[in-house]
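Data first, discussion second: the structure below is written as structure tokens.
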Amino acid sequence: MTSSRGNGSRSWLPASSDARQRGMTLVELMFTIFIMAVLAMLAVPSFRDASLGSRLASTANSLHGSIQIARSEAIKANAPIVLCASADGEECATGGDWDQGWIVINGDDVVLHSEPAQRNSYKVIQAGALVPLVFQPIGVGATSAQFRVCREDPVGNQERTVSVTATGSAYVAVTENGVCVPPPPPPPTP
């Protein structure tokens, strides 16, 4: 594999004289970059939808968890416990929506649990009006309630609905209405 030249120096030569350097031409490189750009443009919207679904689920699950905390605290303390919207994390709000945050408080106005305000474009809207949920010592709620968790800007078609029955149980459902408006009020309980 080595050859000697007349001056006594040695150089390394390939085993075959037909072997050439391999690489990409500029045209091949540009075509590869174009294909990668097209694939990236197709992947970004689906990644954004997956990210949106994850954030909506996180917000809905936080509300669902707070409902469960309020219910279990009512049973444990054998006293009414309130879950309400709260802008400051210390007292119940009288206006706005639940996306400003919420708290769980007992009869002495002691905050047992709080959740901060949601991201700017995410909304948590209660059907009907802004009404606190009161859980009785036996764990039942005073009324049923329904919340819509959605993205206000830009509007996506994914949403989550958190429903609370009159018996105090709660569940989260995936919806695809694509409209970030309050859900219809739940039917009256007999």
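Numbers below:
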read-out: Only listed residue being modelled with pLDDT of 90 or more and either in a loop (DSSP other than H, G, I, E, B) or surrounded by fewer than 20 Cβ atoms within 10 Å (Cβ to Cβ) (or both), chosen from Leu112, Leu130; value: Leu112
read-out: Selection from the stretch 84-119 of residues that are among the small types (Gly, Ala, Ser), without any contact (Cβ under 8 Å) to a residue 40 or more places away in the chain and within 21 Å of Thr161 (Cβ to Cβ); value: Gly96, Gly101, Ala117
read-out: Number of the condition not met by Gln100 [criteria: (1) over 18 Å from the mean Cα position of the chain (by Cα); (2) under 18 Å from Arg55 (Cα atoms); (3) of a type in the set (S, T, N, Q)]; value: (1)
read-out: Search result, residues across the stretch 171-182 that are modelled with pLDDT under 90 and either of a type outside the set (A, V, I, L, M, F, W, C) or surrounded by 13 or more Cβ atoms within 10 Å (Cβ to Cβ) (or both); value: Thr175, Glu176, Asn177, Gly178, Cys180, Pro182
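The values are calculated or read from the model by the stated rules, or taken from the named source; none is laboratory data. Just so it is clear, the structure is predicted and the values come from calculations on it, not from any experiment. In this analysis, Cβ positions are derived from the backbone assuming ideal geometry, glycine residues included, and neighbour counts consider all displayed protein chains.
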